Amino acid sequence: MQFNLQKILKALLFSTSEPLSIKDVQAVITRYHEKSSRSEVSGGDVSKRMKEPLSEENGQGLLKTLIDQVPSLLTSTQIRDAMEAITNELIEQKEVFRIVQGPKGYRLAIQPEYSGWVRLFREEPRPLKLSPASMETLAIVAYRQPITRAEIESIRGVSSDSSLNTLLEHELIIITGRAELPGRPLQYSSTDKFLELCGIRSVEELPASDVLSPNQLSEWIREASESSRELQDTDMGLAVD
């Protein structure tokens, strides 16, 4: 069997509902070589897979050839390039699933146009949509984090208690500490779930705030979230605990 990184990555992605990180892939390669060096795969096993008898010398030689095909180290660039190739392949073949990259790694997700069928199969309601007020509050938190409620309200000009509670409930923001201000008010920041919702890996990938108005920021997050909203396990063709 020839070493094929893209096929191995596909197998790993299909085997888990958790994000697959570059470090996870590199750890698999390391474990492969550790087990091979301890001779846990024998020449006899190779002979069985070949369905023909092999001498001990030939069996060990074939085993060494198989092991030598697997690189001892895969770089981050090699793994990213392979993931990009798989992504392009899925697009060209118009598959019903896709690869999405979040802050914790890669995962398989159902294409948004087929997510409705998955929800019907699971008898689950449509995902809740955030109100314009919540979207605006989320945009402010994303760009000004860590930020206090008073600072958010000074930008919006209205009370933001309800919006903050909604965002906390959906785990799109979290309380990260207290500001060094009178009364030590709570500070809010965005979460990894927010990044997944927008289809980005870090807040550095957000559009530049100095060229967008608050309304434009809210609109961008709305559009991004609608295109990447189907990223929860319940909307994927994978088992959920």
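The values are calculated or read from the model by the stated rules, or taken from the named source; none is laboratory data. Predicted, not measured: the structure shown is a model, and the values here were computed from it. Cβ sites come from the backbone with ideal geometry, for glycine too, and all protein chains shown count toward neighbours.
Kindly list, by first and then second residue, each pair from a residue in segment 113-125 that is among the charged types (D, E, K, R) to a residue that is surrounded by 13 or more Cβ atoms within 10 Å (Cβ to Cβ) and in a helix (DSSP H, G or I), limited to pairs with Cβ atoms under 6 Å and residues at least 6 apart or on different chains.
Once the first residue is among the charged types (D, E, K, R) and sits in segment 113-125, its partners that are surrounded by 13 or more Cβ atoms within 10 Å (Cβ to Cβ) and in a helix (DSSP H, G or I) give E124/T234.
Which pairs turn up if I take residues in segment 174-186 that are among the polar types (S, T, N, Q) and look for partners that are in a loop (DSSP other than H, G, I, E, B) with beta carbon separation below 8 Å, at least 6 apart in sequence or on another chain?
Within 8 Å, the pairs are T176/Q145; T176/P146.
From the set of residues in segment 127-184 that are in a helix (DSSP H, G or I) and among the hydroxyl-bearing types (S, T, Y), which is surrounded by the most Cβ atoms within 10 Å (Cβ to Cβ)?
Taking segment 127-184 and keeping what is in a helix (DSSP H, G or I), we get 132-144, 149-156, 161-169.
This time we only want the ones that are among the hydroxyl-bearing types (S, T, Y), so: 134, 137, 143, 154, 162-163, 166.
On the way: S134: 20, T137: 29, Y143: 20, S154: 10, S162: 13, S163: 26, T166: 19.
The selected residue is T137.
Does R122 count as under 19 Å from I200 (Cβ atoms) and outside the structural domain of R201 (by TED's automatic domain parsing)? Working first, answer last.
Numbers: under 19 Å from I200 (Cβ atoms): no; outside the structural domain of R201 (by TED's automatic domain parsing): yes.
No, not satisfied.
Quick check on my filter: what residues within segment 92-127 are more than 18 Å from the chain's Cα centre (by Cα) and not charged (D, E, K, R)?
At the first step, the residues of segment 92-127 found to be more than 18 Å from the chain's Cα centre (by Cα) are 92-95, 113-114, 116-127.
The answer is Q93, Y114, G116, W117, V118, L120, F121, P125, P127.
Within the group T191, T176, which residue is under 15 Å from the mean Cα position of the chain (by Cα) and either at pLDDT 85 or above or farther than 30 Å from V96 by Cα (or both)? So that I can check it myself, show each step before the final result.
Numbers: T176 fails: under 15 Å from the mean Cα position of the chain (by Cα).
Among T191, T176, only T191 is under 15 Å from the mean Cα position of the chain (by Cα) and either at pLDDT 85 or above or farther than 30 Å from V96 by Cα (or both).
Looking at segment 149-162, can you tell me whether even one residue there is over 15 Å from the mean Cα position of the chain (by Cα), on the phi > 0 side of the Ramachandran plot and modelled with pLDDT of 65 or more? Please lay out each step first, then the result.
Here is the first cut: in segment 149-162, the ones over 15 Å from the mean Cα position of the chain (by Cα) are 149-162.
After this cut, where a residue has to be on the phi > 0 side of the Ramachandran plot as well, the list is 157.
With modelled with pLDDT of 65 or more added as a condition, the list becomes 157.
Yes, segment 149-162 contains at least one residue that is over 15 Å from the mean Cα position of the chain (by Cα), on the phi > 0 side of the Ramachandran plot and modelled with pLDDT of 65 or more.
Could you pull out the residue among A133, A82 that is at pLDDT 85 or above and more than 26 Å from the chain's Cα centre (by Cα)?
None of the others qualify; the one that does is A133.
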